[in-house]
Amino acid sequence: MTSDGLSFPIFNQSCSSLLCRHLTVQLFEQLKDRVTENGFTLAKVINSGVVNQDSGVGVYAGDAASYDLFSPLFDPIIADYHGFSKTDKHRSDLSLEKLSAPDPDPDGNFILSTRIRVGRNVANIPLGPALTKEQRNSVEAQVSRALQNLTGKLAGTYYPLSGMEETVRRQLIADHFLFKAGDRFLDAAGLNRDWPEGRGIFHNRDKTFLVWVNEEDQLRIISMQQGGDIEAVFSRLINAVKEIEKSVTFMFDPRLGYLTSCPTNLGTAMRASVHIRLPKLGNDMETFKKITDAAHLQIRGIDGEHSETKSDIFDISNKRRLGVTEVDCVQDMYNGVAALIKREKEL
Ligand code: ADP
Ligand code: CIR
């Protein structure tokens, strides 16, 4: 069932998304006739959460104006997810020297790989859910041109999704480098329109620096490598972001930080994660969750968001991204991972 925007949506009894918890009939009536200059409406904001009743959040913004016009719905969802109030102001800080994260697993017994990504969108155009085909193609042209100019260890090649060999595409996904196709949450948000045109991936030779183009956000800038050297991964990411910023101006809001299509990514738009093998904690989810909750971490399966864990390997990452700095995000991840390893060794 899609959201028609005329009548209050039907939510299943089992629905526990932030959307169904915060959208009241009164709020729906207040917002249902509002439209941004890019044609984004309440029906579009909530469609993903109405179609996918198992959403954790369920809302997307179509443009910067969506966060203003639909703020009576977005603000409580943002407060609930990030603990960020209406009067809070985001601060960005990409200083490597403020991070204290020595490799928590120097013998390589637990951490398989470390990855830090940030989402970015181009200033003065809509976000992905309201982007036209022409605008999306123009983002791809602008960003791929900027990336081709990178030098040294960041130098690499842009591979458009259109025309990519199926075996290559599947292997890139299996190796955790490329986004999947057909995500139903993104689909209902309007983010898969005209697929695969305008999408692609850039990476350096070693695949330690990658950029996804026109997936959930127009850019996902990624630094990753085997093992647990978090500082090396953060350092490469900072360098890459600064280089790309020289030729692309990103959408930034003084209160909400970097603007992204999903409100969970606002602020730093950063997810710092490890893939970590924890066989003992994996069998004691109560203790596991206690540690991750205290450290503000999220547990995902290793095939990306909404994937289930099939083995004793987990994806552990920072949950908070707004109202905390980039350094805080990585520090949260480091602190929690160090605590998990300590507990795993004790069990
Ligand atoms: P995002 O991190 O961009 O929000 P996903 O959770 O869907 O999106 O993850 C995207 C891909 O990155 C998936 O293939 C996932 O397995 C991979 N990934 C995430 N963290 C790591 C990590 N620490 N090491 C290796 N691959 C990772
Ligand atoms: C959902 O609501 O489940 C999806 N739209 C994705 C939400 C973002 N991810 C998250 O909570 N970590």
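The values are calculated or read from the model by the stated rules, or taken from the named source; none is laboratory data. If you're wondering where the values come from, they're calculated on a predicted model, not measured in any experiment. We place every Cβ from the backbone using ideal geometry, glycine too, and count neighbours over all the protein chains shown. What goes into the accessible areas is simple: the full protein's heavy atoms, side chains included, and nothing from ligands, DNA or RNA. Shrake-Rupley method; radii C 1.70, N 1.55, O 1.52, S 1.80 Å.
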(message) Starting from the 7 Å offset along Cα-to-Cβ, what nm value, one decimal, do you get for the label separation of LYS242 and SER85?
(response) 3.6 nm
(request) Treat every Asp and Glu Cβ in the stretch 18-82 as -1 and every Lys and Arg Cβ as +1, leave all other atoms uncharged, and give the resulting dipole magnitude about the Cα centre to the nearest 20 debye. (result) 140 debye
(message) As a test of reading the structure, rank LEU127, LEU27 by solvent-accessible area (1.4 Å probe, protein chains only), most first.
(response) LEU27, LEU127
(request) Go ahead and set up a Gaussian network model of the chain, Cα springs under 10 Å, then flag whichever of GLY301, GLY336, GLY152 fluctuates most. (result) GLY152
(message) Along the charge dipole of the chain, pointing to its positive end and built from +1/-1 on Cβ of Lys, Arg, Asp and Glu, which listed residue (SER235, SER261, PHE288) has its Cα farthest out?
(response) SER235
(message) I need the shape label for the chain. Rule: rounded when a/c is under 1.5, else prolate if a/b > b/c, else oblate, with a, b, c from the alpha carbon gyration tensor.
(response) oblate
(request) Once you've got the Cα coordinates, tell me which of LYS98/LYS242; LYS310/LYS342; LYS133/LYS153 are over 21 Å apart. (result) LYS310/LYS342; LYS133/LYS153
(request) Determine the calculated [θ] at 222 nm for the chain from helices alone, applying -39500 (n - 2.57) to every DSSP H run no shorter than 4 residues and normalising by the residue count; nearest 500 deg cm²/dmol. (result) -10500 deg cm²/dmol
(request) Go ahead and set up a Gaussian network model of the chain, Cα springs under 10 Å, then flag whichever of GLN53, GLN298, GLN30 fluctuates most. (result) GLN30
(message) What does the net charge come to around ASP194 if you take all other residues with beta carbon closer than 14 Å to its beta carbon, with K and R at +1 and D and E at -1?
(response) -1
(message) Which one, LEU147, LEU27, ILE10, is farthest towards the positive end of the dipole of the chain when Lys and Arg carry +1 and Asp and Glu -1 on their Cβ?
(response) LEU147
(request) Kindly identify the stretch 18-82 as rounded, prolate or oblate by the Cα gyration tensor criterion: order the square roots of the eigenvalues as a ≥ b ≥ c, call it rounded if a/c is under 1.5, otherwise compare a/b with b/c, prolate if a/b is larger, else oblate. (result) rounded
(request) For GLU37, GLU243, GLU165, GLU140, write out the residues from largest to smallest accessible area, computed with a 1.4 angstrom probe and no ligands counted. (result) GLU37, GLU165, GLU243, GLU140
(request) Mind ranking 315-322, 288-295 by how tightly packed they are, going by the mean number of other C-beta atoms within 10 angstrom, highest first? (result) 315-322, 288-295
(request) Would you please classify the overall shape of the stretch 46-96 from the alpha carbon gyration tensor, given that a ≥ b ≥ c denote the square roots of the eigenvalues, rounded means a/c under 1.5, and beyond that prolate means a/b larger than b/c while oblate covers the rest? (result) prolate
(request) Evaluate the charge dipole of the stretch 96-346 about its Cα centre and quote only its size in Debye, nearest 20, assuming +1 on the Cβ of each Lys and Arg and -1 on the Cβ of each Asp and Glu. (result) 280 debye
(request) Using a 1.4 angstrom probe on the protein heavy atoms only, line up HIS296, HIS203, HIS22 by accessible area, largest first. (result) HIS296, HIS22, HIS203
